Structure formats: structure tokens, C-alpha cells
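**Student:** Sharing a structure here in C-alpha cells format.
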Amino acid sequence: MVPALVATEFKPWILLESENLKVSSRFLADFFPPNTQPDFLLLVAKEAWRTIAIATAGTFLALLLAIPLTLISTRVLSISSLSGRVHHLPFVVRQLVRWILIIIRSVPELIWALVFVRVVGLGPAAGVLAIGLTYAGMLGKVYTEILESGDHHVSTNLMRNGSSRLQAFFYGVLPQNLTELTSYTVYRWECAIRASAVLGFVGAGGLGQQLDNSMRMFNGGEVATILIVFMLLVGLADLLSAWLRKILQ
Amino acid sequence: MAQKDPAMNNPQANPWFRWNCSVCWVTLGIVLLTILSFWTLDLQLERLFSVDSAKRMGRFLGELLSPDVRAVFLHKLWIASVETLAMSAVGTVLAAFCGLLLAIPASKSHSNDPAHWRFLSRLLLNGLRSIPELVWAALILISAGLGPFAGTLALALHTTGVLGRLFSESIENAPQAPAHALRVQGASESQVFLYATLPTIIPQLMSYSLYRWENNIRAAAVLGVVGGGGLGQMLAFHMGLFQMQETSSILIAMILLVVLVDTVSYTARRLMSR
């Protein structure tokens with residue numbers, strides 16, 4: 001534990017140095033009252049909507065990417081495995097897609113956003129792409145697991161009797177797994193809202209960007225308002241997603 | 001919903017939309033939300049899919065494929081990775097400790113427990129939890145300055161909220177019999193907690209903390225982007241200077257760290273569940 005404390009420069013007393021204490025207490029005192037000027041509130045509301053929009057568009061993009069990747073990587077729809085072992089080429093393709101999914105989801109969305117800000121410039125497009133890519137990795141992995149953990153009798157039977165893989169998917173695999181797939185997607189949308197609120201720190205638009213601006217100007221009142229809106233937004237997404245998942249059951 | 005649906009018995013009468021079908025309304029709402037999102041965001045898709053942007057993307061990917069592998073730089077990278085690991089470990093330990101301290105007043109341990117502080121400590125835990133690590137880091141920078149210490153504190157604060165809530169649920173769901181046995185013998189509340197409740201829930205607390213630690217390693221790698229130390233700070237620095245070879249090495253180090261942690265925890269869980 002001691003080397004870890006050294007490595008993290010763990011010196012709690014610097015929080016209590018008079019200089020630091022003065023700056024932080026002034027900043028905290030500024031929090032009350034929160035800024036409630038109408039034009040500022042309007043700005044925050046606009047940024048909050050942008051946060052939701054980035055999360056929604058990102059999740060949609062992730063869905064578009066994840067569906068084909070899942071269809072390729074799931075073993076359930078393998079025709080060659082019907083007669084014993086999977087053939088070499090499909091096996092290699094499946095492993096390749098699985099590795100791509102692992103790589104795109106192991107880079108955190110914030111890092112992807114940082115990269116995309118470089119490529120497509122500042123703004124919401126970077127946030128949408130970042131969420132789309134990371135969440136495609138997560139959705140693809142979990143979708144594959146859901147499909148493979150289900151009952152395969154129907155789809156195998158369909159394929160044995162000459163139906164195509166897509167037919168087996170739509171009539172054999174999808175109906176029994178649809179609720180589970182949807183509820184996981186809704187849960188991911190909720191996570192995307194949390195993520196997109198933060199992505200603004202690297203310039204990808206939304207509440208985070210406004211928070212970053214206010215923090216740079218040491219404007220405690222504005223920071224307090226944004227933090228409150230932020231907590232409300234996350235709480236609301238939480239409730240909505242729980243309700244949606246209950247309805248879909 | 002399918003059971004209540006009369007049209008299910010008659011496959012011929014299966015319209016796309018019915019007024020009394022909540023799933024139809026939800027689906028419509030999701031479709032509308034998605035369309036509105038794309039419409040209002042001004043994504044400049046034509047710029048995104050232009051030749052120019054494709055060229056930039058290609059050049060960027062090309063640069064990413066040539067990582068910097070000089071020994072001096074790799075040494076710096078190693079130090080930053082260790083710093084990231086240390087941040088996550090210290091942050092999680094601190095959070096487990098503070099989380100337990102807050103979880104005790106936040107839980108109603110037996111039916112006669114008045115639990116006066118339950119509401120307030122739950123409110124505090126929820127507040128700590130609903131602000132992400134990254135926002136905490138940006139706030140703490142003001143009083144703790146740049147560096148891994150700010151990142152560690154940020155991780156500790158957010159994780160305290162998460163663990164505190166999980167811990168208080170474990171305390172409330174703990175088997176009552178041992179605690180009751182001690183209580184009727186006249187043991188004080190602190191004795192009951194230390195000798196009856198805590199021993200029964202320790203395995204659960206440990207597994208929650210380990211799970212959060214795994215999460216915190218990912219988070220620690222990112223916190224540096226706002227100035228919280230570790231691999232993220234290095235990444236933000238080199239990317240800001242457009243030093244793509246260094247950036248590429250850091251990204252690879254991050255992926256390796258995350259994959260390593262995932263593999264270790266997956267294996268550990270498989271071994272434990274056997």
C-alpha cells in the first residue's frame with residue numbers, strides 16, 4: 001500500500017494549505033445561490049437536450065454497427081457447425097470479429113472522443129462517433145452472449161431443413177431473445193447519457209462542455225446549476241430506463 | 001404484454017399500430033427521439049463522409065500504426081501505467097473504508113433500529129454517486145492541483161457513493177439470527193456489528209470492492225485527460241502536441257492494461273465460482 005501511496009503523490013495536507021483552502025472555500029461559497037438567470041437556464045436546457053441527443057444518436061449508431069457484427073460472430077447461426085466442427089474460414093472470421101469488438105470496447109469512450117475531435121473537429125459529431133464505436137463493442141459482445149445462451153433447437157431445425165441463416169435468425173433466434181436484447185439496449189442508452197454528459201470535457205458538446213467553461217472561469221454559481229441539472233438528467237434517465245424495461249418485460 | 005393481446009389468437013388481424021398497446025407507443029417514442037436527435041444535432045454528416053475527412057482519418061490511422069518504442073519512452077509509459085494502477089487501488093481502498101463508515105448509518109439493521117441518520121446518509125451517498133469521477137476530478141483540481149492525487153480523490157469520492165449503497169444493502173440483507181443472538185445477550189450495537197453482522201457480509205463486501213476496482217482501473221486511465229495523472233494525462237499531453245507515435249504507444253498501453261485486468265478478473269471469478 002505504501003508504494004501505491006507514494007506513486008499517487010498522496011498528500012492530503014495540501015488540501016489544508018492556507019492558499020488552497022482560500023481558493024476552494026471561495027469557489028464553494030460561490031455555489032450558493034446557484035445561477036438562475038433565465039438566459040443561462042435556457043443555455044443549460046439546450047445543452048442538456050444536446051446531451052440526450054448525442055446519447056440517443058450514439059446508441060442508434062452503435063446498434064447499426066452491432067447488429068451485423070453480432071450476426072457474423074454468433075455461433076448459433078453457423079451452418080457448417082450443423083455437421084460437426086465449424087469450418088476453418090468461418091472460424092477465423094468469427095474470431096476476427098470478436099477481437100475487433102474487444103479492441104473497440106477496451107478504449108474508453110472519452111479517449112475515442114479525444115481521437116475523433118482530432119479527426120472531425122470540435123462538436124457533437126465526435127461525441128456521437130465515440131459513443132457509437134465503444135457501445136457497438138459492448139452491445140455486440142452482450143448480444144452475442146444472449147443469442148448463444150438461448151435455446152438453439154428452433155434455429156438449428158430451421159437451418160437443417162434448408163432455411164437461410166437470416167431466416168433462422170428472424171424466425172428462430174430473434175423471437176425468444178427480443179425482450180432481453182431490447183432491455184439491454186435501453187440500459188446502454190441510460191449509460192450513454194451519463195457518458196455523453198462527460199464527453200463535453202474534451203470538446204464533444206453537451207453539458208460537460210458548459211461545465212468545463214464555467215469551471216475554467218471559477219464561476220461557482222454556474223457550476224452549481226449545471227451540476228444540479230446534471231444530477232436531475234441522470235436520475236431521470238435512470239427512472240425512464242427502469243420503467244421502459246418493466247414495460248418491455 | 002403478449003398475453004393480454006387478443007389479436008395474438010388471430011394472426012390475420014395483426015395491425016402495425018394499436019391505440020391500447022403500450023409497446024407500440026414506446027416504440028413510436030423511441031423512433032421520434034432518435035429522429036429528433038439526429039435532426040437537432042447538426043452533425044455535418046457531409047463533412048464527416050467527405051474525401052478530406054477520409055484522408056485525415058487514413059493518415060491518422062497510419063500514424064497510429066507506428067508506435068514509439070524507444071526505451072526511454074517505454075520507461076515513462078511504465079511509470080504512468082503503475083501510477084494508474086496505484087490511483088485505482090488507493091482510490092478503491094479509501095472508498096471501501098469510507099463507504100462502510102457511511103453504510104452503517106445508512107442502513108436499518110433490525111426492525112427496532114430507529115435509523116435516524118438513514119435518510120441523510122443515503123442522500124449523501126446518492127449525491128456522491130451521481131457525479132461521475134471525471135467531474136469530481138475537475139472540481140478537485142481547484143483545491144488539490146494537477147496530478148494523480150486529484151484523480152485518486154475523485155475516484156474515491158464517486159466509488160464511496162457506489163460502494164456505500166451496495167454495502168448498506170448487504171447490511172440490511174444480512175442474516176438476522178447471529179445479530180439477534182448477541183443482542184438478546186446484552187451486547188452493544190457496535191459489538192453486534194463487529195462480531196455478528198460484519199463477519200457474515202465480509203465476502204460480499206470484498207467481491208463488490210474487487211468489482212469496483214476493476215471498473216476504477218478503466219476510469220483511472222481516463223481521469224488524466226482533465227489533469228488527474230496517470231496514462232490519461234500523458235495521452236492528453238502528447239496528443240495536444242500532435243506527437244502521434246507517442247499517442248499510439250499510450251493507446252496500446254491502455255488497451256493492454258484494460259484487457260489484462262479483464263482477463264485476470266474473469267479468470268479469478270471462474271476460479272472462485274468453481
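The values are calculated or read from the model by the stated rules, or taken from the named source; none is laboratory data. Quick caveat, the model's predicted, so the values are computed rather than measured. All Cβ positions, glycine included, derive from the backbone under ideal geometry; neighbour counts span all protein chains shown.
**Student:** Using beta carbons and a limit of 6 Å, which pairs, at least six apart or on different chains, have the first residue in the range A:113-130 and under 12 Å from B:R56 (Cα atoms) and the second one at pLDDT below 85 and in a helix (DSSP H, G or I)?
**Tutor:** A:V119/B:R56; A:V119/B:M57; A:V119/B:F60; A:V120/B:L48
**Student:** Among (1) at pLDDT below 90; (2) more than 27 Å from B:I217 (Cα to Cα); (3) in contact with a helix residue (DSSP H, G or I) (Cβ under 8 Å, 6 or more places away or on another chain); (4) part of a helix (DSSP H, G or I), where does A:N35 come up short?
**Tutor:** For A:N35, the exception is condition (4).
**Student:** All but one of (1) within 18 Å of the chain's Cα centre (by Cα); (2) farther than 23 Å from B:R70 by Cα hold for B:G230; state the number of the condition that does not hold.
**Tutor:** (2)
**Student:** Let me ask you something else. Select from the range A:162-186 the residues that are hydroxyl-bearing (S, T, Y) and more than 14 Å from chain B (Cβ to nearest Cβ) and write down the one among them that is farthest from the chain's Cα centre (by Cα).
**Tutor:** Among those residues, the one meeting the criterion is A:S163.
**Student:** Sort out which residues of the range B:247-267 are more than 10 Å from chain A (Cβ to nearest Cβ), touching a helix residue (DSSP H, G or I) at 6+ places or on another chain (Cβ under 8 Å) and hydrophobic (A, V, I, L, M, F, W, C), and write them in order of number.
**Tutor:** If the condition is that a residue be more than 10 Å from chain A (Cβ to nearest Cβ), touching a helix residue (DSSP H, G or I) at 6+ places or on another chain (Cβ under 8 Å) and hydrophobic (A, V, I, L, M, F, W, C), then B:A253 is the only one that fits.
**Student:** Between residues in the range B:257-269 that are in a helix (DSSP H, G or I) and residues that are among the charged types (D, E, K, R), which pairs lie under 7 Å by C-beta distance while being six or more apart or on different chains?
**Tutor:** B:V258/B:R218; B:V261/B:E214; B:S265/B:E214
**Student:** Exactly one condition in (1) outside any loop (DSSP other than H, G, I, E, B); (2) within 8 Å of another protein chain (Cβ to nearest Cβ); (3) farther than 25 Å from B:F38 by Cα is false for A:I54; which is it?
**Tutor:** Among (1) outside any loop (DSSP other than H, G, I, E, B); (2) within 8 Å of another protein chain (Cβ to nearest Cβ); (3) farther than 25 Å from B:F38 by Cα, the lone unmet condition for A:I54 is (3).
**Student:** Out of the range B:218-231, which residues are crowded, with 23+ Cβ neighbours inside 10 Å and part of a helix (DSSP H, G or I)?
**Tutor:** B:A219, B:A220, B:A221, B:V222, B:L223, B:G224, B:V225, B:V226, B:G230, B:L231
**Student:** Now for a different question. Among the residues of the range B:65-100, write down those that are touching a Gly at 6+ places or on another chain (Cβ under 7 Å) and either farther than 30 Å from B:Y211 by Cβ or hydrophobic (A, V, I, L, M, F, W, C) (or both).
**Tutor:** Selection gives B:A80, B:M87.
**Student:** Could you please tell me which pairs satisfy a Cβ distance under 9 Å, a separation of 6+ or placement on different chains, a first residue in the range B:142-153 that is at the interface with chain A (Cβ under 7 Å from one of its Cβ atoms), and a second residue that is surrounded by fewer than 24 Cβ atoms within 10 Å (Cβ to Cβ) and of a type in the set (D, E, K, R)?
**Tutor:** Going by the 9 Å Cβ cut-off, the qualifying pairs are B:A144/A:K11; B:G147/A:E9; B:P148/A:E9; B:F149/A:E9; B:F149/A:K11; B:T152/A:E9.
**Student:** Taking A:A62 as meeting all but one of (1) within 30 Å of B:A80 (Cβ to Cβ); (2) modelled with pLDDT under 80; (3) aliphatic (A, V, I, L, M), write down the number of the exception.
**Tutor:** Failed condition: (2).
**Student:** Another question about this same structure. If a residue has to be assigned to a helix (DSSP H, G or I) and either modelled with pLDDT of 90 or more or more than 10 Å from chain A (Cβ to nearest Cβ) (or both) to count, how many in the range B:232-246 make the cut? Lay out the reasoning, then the answer.
**Tutor:** Taking the range B:232-246 first, the residues assigned to a helix (DSSP H, G or I) are B:232-240, B:244-246.
Checking which are either modelled with pLDDT of 90 or more or more than 10 Å from chain A (Cβ to nearest Cβ) (or both) leaves us with B:233-234, B:237-238, B:245-246.
Result for the range B:232-246: 6.
**Student:** For B:V192, indicate whether it is over 24 Å from A:L101 (Cβ atoms) and out of contact with any strand residue (DSSP E or B) (no Cβ under 9 Å at 6 or more places or on another chain).
**Tutor:** So B:V192 passes the test.
**Student:** So, in the range A:192-246, of the ones that are crowded, with 17+ Cβ neighbours inside 10 Å and at positive phi, which residue ends up nearest to the other protein chains (Cβ to nearest Cβ)?
**Tutor:** Selected residue: A:G205.
**Student:** For the range B:120-139, give me the residue count where each residue is out of contact with any His (no Cβ under 7 Å at 6 or more places or on another chain) and more than 9 Å from chain A (Cβ to nearest Cβ).
**Tutor:** Selection size over the range B:120-139: 7.
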